[in-house]
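Visitor: Below are the structure tokens for one structure; questions will follow.
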């Protein structure tokens, strides 16, 4: 009997590993921002502070990139995520009481529209960073 060569791919292991180092790095930057400027400020302040860190560290990002939303072959609007980091992670900055199913559902929609697989919700409301990583 031989061991299964890829046992965790069927158990969600691939999703857990997908862009793990990149998302951990982004979360680390979010902690830096929160520790330096505090909590409960405007969401845009956190987004822009992350941009400063990405620029200083030479990390590829897009801020407020537009994505068309299509319905039955017609463009019906645009979606504009806060940040796309490393060309592959959608980052949404929040200042809310807590991350709920609403924000998770919103992020899954963002991932579908951008055709990316990994998203991070970063909540700067409290003294301790709240974050969730979602994989489509």
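Visitor: Determine, yes or no, whether residue 131 is at positive phi and modelled with pLDDT of 95 or more.
Guide: Working: at positive phi: no; modelled with pLDDT of 95 or more: yes.
Here the answer is no, as residue 131 does not meet what is asked.
Visitor: Any idea which of 99, 59, 84 is modelled with pLDDT of 95 or more, assigned to a strand (DSSP E or B) and either touching a strand residue (DSSP E or B) at 6+ places or on another chain (Cβ under 7 Å) or closer than 27 Å to residue 127 by Cα (or both)?
Guide: Only one candidate passes the filter, namely 84.
Visitor: A further question on this structure: When residue 92 is evaluated against the numbered criteria (1) over 12 Å from the mean Cα position of the chain (by Cα); (2) within 16 Å of residue 132 (Cβ to Cβ); (3) modelled with pLDDT of 95 or more, which criterion, by number, is the only one it fails?
Guide: (1)
Visitor: Something else about it: Residue 106 is checked against (1) surrounded by 12 or more Cβ atoms within 10 Å (Cβ to Cβ); (2) at pLDDT 95 or above and fails just one. What number does that condition carry?
Guide: That leaves (2) as the condition not met.
Visitor: To continue, here is another question. Which one of 51, 33, 69 is touching a residue at least 40 places away in the same chain (Cβ under 8 Å) and part of a helix (DSSP H, G or I)?
Guide: Result of the check over 51, 33, 69: 33.
Conditions tested, residue by residue: (1) free of Cβ contacts under 8 Å to residues at least 24 places away in the same chain; (2) touching a helix residue (DSSP H, G or I) at 6+ places or on another chain (Cβ under 6 Å); (3) closer than 19 Å to residue 68 by Cβ.
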position: 86; (1), (2), (3): no, yes, no
position: 96; (1), (2), (3): no, no, no
position: 113; (1), (2), (3): no, no, yes
position: 122; (1), (2), (3): no, yes, no
position: 127; (1), (2), (3): no, no, no
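The values are calculated or read from the model by the stated rules, or taken from the named source; none is laboratory data. Here the structure is a predicted model, which means the values were calculated and not measured. Cβ atoms come from the backbone with ideal geometry, glycine included; neighbour counts cover every protein chain shown.
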